[in-house]
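See structure below.
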């Protein structure tokens, strides 16, 4: 997030000298935000904002990913192997399949999102989910490491346009940063929410995600 500082500049009523008084003085609309000038005697007072040392977007994404991966791993650890076959509905994934999907997607997303486009009709068949907790966590940890290494290598590729195809049909196009947010980050959070519900309905304790649950209170003394 950018750090903002207030800058006040006085200039003549006819506007002379207004631009020279601005921090940076650039024409980039992201370089400043202006408010309506207020009359002060024969002069006008302009308040605007200047960004200072904005955090690198990749650094911000990596920091979020680190925090959220640790939370996700905590939920995966909470699933007992005795409940791997449990499913909420005959059309729903089993607990084992859901956990395997969450762990496996971190290994697959860098491949899907690294190029300029991906053809969804060419996606590989799902792998068999890990059969035990140790294998599940090993797969997840490997995916976290791979995703972090890939994110850290992107440089200026975040602004590039990424496209999703189904054969010859273009289904969507967006900046790569937006694709990463949707297909990797939000996708993982979505399934983590599912897993929280799975644990509750399967009669298992639910670890905290962003706050206390009926079973755990991370803020308790």
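Each value in this text was obtained by applying a stated rule to the coordinates, not by laboratory testing. As the structure is a prediction and not an experimental result, all values here were calculated from the model. No Cβ is skipped: glycine too gets one built from the backbone with ideal geometry, and neighbour counts run over all protein chains shown.
Using the 10 angstrom Cβ neighbour count as an exposure proxy, how do 147, 127 rank, fewest first?
Working: 147 24, 127 13.
Least to most surrounded, the residues fall as 127, 147.
Could you tell me the distance between the Cα centroids of region 141-215 and region 92-114, to the nearest Å?
First find each Cα centre; the distance between them is then 9 Å.
Going by C-beta contacts inside 10 Å, put 190, 101 in order with the fewest on the left. Mind dumping the intermediate values first?
Working: 190 11, 101 19.
So the residues, fewest neighbours to most, are 190, 101.
Which of 113, 151 comes first, and how do the rest follow, when ranked by fewest Cβ neighbours within 10 Å? The partial results should precede the final answer.
Details: 113 22, 151 19.
Neighbour counts put them in this order, fewest first: 151, 113.
Normalise the Debye intensity by I(0) for region 57-201, one equal point scatterer per Cα, no solvent, then take log10 at q = 0.15, 0.18, 0.22 Å⁻¹ and round to two decimals.
Ignoring solvent entirely, the Cα scatterers give -0.80, -1.07, -1.37.
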